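The structure appears below as structure tokens.
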Amino acid sequence: MKGSMIAVIAILAIISSVVQPGQAVSCGQVDAALIPCVSYLTGRGGDSPSPGCCAAVKTVKGMAQSTPDKRALCSCLKAAANNYADLKDAAAQSLPAKCSVQMDVPISRSVDCDKIV
């Protein structure tokens, strides 16, 4: 009985070391990463995002690989967009393309995050 219990514990220890829990996307991380984009998104930074903004977009894209993380990222982006009354929707929607980043998650106030896969 003792030997089988030790074997079960050893197997569980091996499994838990192999299966890494996903890192949750936090809105604080997303907000902090996108600070360089605020001037562009609100129309005060010209017609093109800054290199720092584009680096931020790439960082944000890398935060979400799984569907739950993409949905969390979507919710964070939607909340961030709603925090800026002067945010230009066209600028937000074109930001990934202007930075040459293929985003799986749109930057929009009206997106349904539950439909993100």
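Bear in mind that the values in this text are calculations on the coordinates, not laboratory data. Predicted, not measured: the structure shown is a model, and the values here were computed from it. Neighbour counts run over all protein chains shown; Cβ positions are idealised from the backbone, glycine included.
Using a Förster radius of 22 Å, what is the FRET efficiency between T59 and D112 based on their Cβ-Cβ separation? Nearest 0.05, please. So, using R0 = 22 Å, E works out to roughly 0.35. Applying the Karplus relation 6.51 cos²θ - 1.76 cosθ + 1.60 with θ = phi - 60° to the range 108-114 yields 3J(HN,Hα) values of 7, 6, 10, 5, 8, 5, 5 Hz, where x marks Gly and Pro. In terms of packing, defined here as the mean over residues of other Cβ atoms within 10 angstrom, the peptides 73-81, 104-112 line up highest first as 73-81, 104-112.
Where does the range 36-117 land on Rg(C-alpha)/(2.2 N^0.38 Å)? Write out the running numbers ahead of the final one.
Working: Rg = 11.9 Å, N = 82, 2.2 N^0.38 = 11.7 Å.
This ratio for the range 36-117 stands at 1.01.
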